[in-house]
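Notes follow the structure.
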Amino acid sequence: MTAETPLDDRLDDDDYPAYTMGRAAEMLGTTPGFLRAIGEARLITPLRSQGGHRRYSRYQLRIAARARELVDRGTPIEAACRIIILEDQLEEARRINEEYRRAARGSAGAGPA
């Protein structure tokens, strides 16, 4: 996404890095240190502004909110990040599996002509 992209398109884009660290922390009800910690755990990687400041997307804020929920329930931050990463990998594997099943069903019905 470039600066030439219309503003409406950027605001509708879940991956557009629209939020500063301070604003993201405020929205999540957490601290900038929490956001840095989940970044260090490689759960999310914020983009950097031209000045080097961290910028977060809505998608990243949803992931951070999930981490916050787990941490608030007593899960250590490193474990919370690992859980979310594994949940994401499991969901992706299920999606791929379903695509293979659909393809197999489609090719099973297409017999010789």
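The values are calculated or read from the model by the stated rules, or taken from the named source; none is laboratory data. If you're wondering where the values come from, they're calculated on a predicted model, not measured in any experiment. Cβ sites come from the backbone with ideal geometry, for glycine too, and all protein chains shown count toward neighbours. Accessible surface is based on the protein model in full, side chains and every heavy atom, while ligands, DNA and RNA are left aside. Shrake-Rupley method; radii C 1.70, N 1.55, O 1.52, S 1.80 Å.
Give me the net charge of Arg66's neighbourhood, meaning all other residues with Cβ under 12 Å from the Cβ of Arg66; Lys, Arg count +1, Asp, Glu -1.
Result for the local shell: -1.
Can you tell me the accessible area per residue over the chain, all protein chains present, probe 1.4 angstrom, in square angstrom?
70 Å²
Relative contact order for the chain using alpha-carbon pairs under 8 Å, separation at least 6, rounded to a whole percent?
Normalised by residue count, the contact order of the chain is 23 percent.
With a 1.4 Å probe and every protein chain kept in, tell me what percent of the accessible surface of the chain is carbon plus sulfur.
Result for the chain: 51 percent of the exposed heavy-atom area is carbon or sulfur.
What do you get for chymotrypsin sites (Phe, Trp or Tyr not before Pro) in the range 33-113 restricted to DSSP loop and a cutoff of at most 14 other Cβ within 10 Å of the site's Cβ?
Here no chymotrypsin sites (Phe, Trp or Tyr not before Pro) fit, given the DSSP loop and packing criteria.
For every other residue with a beta carbon closer than 12 angstrom to the beta carbon of Ala41, add +1 if it is Lys or Arg and -1 if Asp or Glu, then tell me the sum.
Combined, the nearby Lys, Arg, Asp and Glu give +1.
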